[in-house]
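Shown next, in structure tokens, is the structure this report addresses.
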Amino acid sequence: QLQLVESGGGLVQPGGSLTLSCVASGSTWTIYSMGWFRRVSGKQRELVATITTGGRIEYADSVKGRFTVSLDNTNKKVYLQMNNLEPDDTAEYYCRGELPDGYYWGQGTQVTVSS
């Protein structure tokens, strides 16, 4: 079992920056990867970025060069630094943790990019 709590969402103007944080608790010693997904109302949840405990990283094409994912494996935290935000980045952002028995999700944090 894994519990995930996100923080850091909010309202930001286009071109601005935000950093999302997610802390894991529970069976954290078996975490294989952590990452971020997002969902726009009425659409399916989509990949933003993931990182394994071995350091392998994957980004969605739409965020490459603007977003950076990082993992504090000691404290079981994952971060998403988001720069040059665009209105299309507006979504509910979810933290995901991967254990041998499957995926676990946080409750989400809203990011709104608007002037």
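Miscellaneous remarks
- Per residue, the chain exposes 53 Å² of accessible surface when a 1.4 Å probe is rolled over the protein heavy atoms with every protein chain present.
- Among Thr30, Thr68, Thr90: highest mean-square fluctuation, GNM of the chain, C-alpha pairs under 10 Å: Thr30
- Spin-label pair Gln13/Thr112, simplified geometry with 7 Å Cα→Cβ offset, distance in nm: 1.7
- Distance in nm between pseudo-label sites at Tyr103 and Arg56 (7 Å out along the Cβ direction from Cα): 1.6
- Residues Ser70, Ser115, sorted by accessible area with the largest first, give Ser115, Ser70 [1.4 Å probe; ligands and nucleic acids excluded].
- For a modelled paramagnetic label at Arg45, 7 Å from Cα along Cα-to-Cβ, the residues of segment 86-105 in reach, with backbone nitrogen under 18 Å, are 90-105.
- Where trypsin sites (Lys or Arg not before Pro) in DSSP loops with at most 14 other Cβ within 10 Å are excluded, longest remaining stretch of the chain: 65-115
- Segment 1-109, accessible surface, carbon-and-sulfur percent (1.4 angstrom probe): 46
- The figure for Val40 is an accessible area of roughly 60 square angstrom, using a 1.4 Å probe on the protein chains alone.
- With the biggest extent put first, the Cα atoms of the chain measure 42, 26, 21 Å across the principal axes.
- The charge dipole of segment 1-99, taken about its Cα centre with unit charges on the Cβ of Lys, Arg, Asp and Glu (plus for the first two, minus for the last two), comes to roughly 160 debye.
- Share, in percent, of DSSP beta bridges within the chain that are antiparallel, nearest 5: 95
- Aspartates and glutamates with Cα under 15 Å of Lys43, excluding same-chain neighbours fewer than 8 positions away: Asp88, Asp89, Glu92
- What the Cβ-Cβ distance of Asp88 and Ser27 gives, at R0 = 30 Å and to the nearest 0.05, is a FRET efficiency of 0.25.
The values are calculated or read from the model by the stated rules, or taken from the named source; none is laboratory data. Here the structure is a predicted model, which is why all the values come from computation and not from measurement. Cβ atoms come from the backbone with ideal geometry, glycine included; neighbour counts cover every protein chain shown. Accessible surface areas use protein heavy atoms only, side chains included; no ligands, DNA or RNA. Shrake-Rupley method; radii C 1.70, N 1.55, O 1.52, S 1.80 Å.
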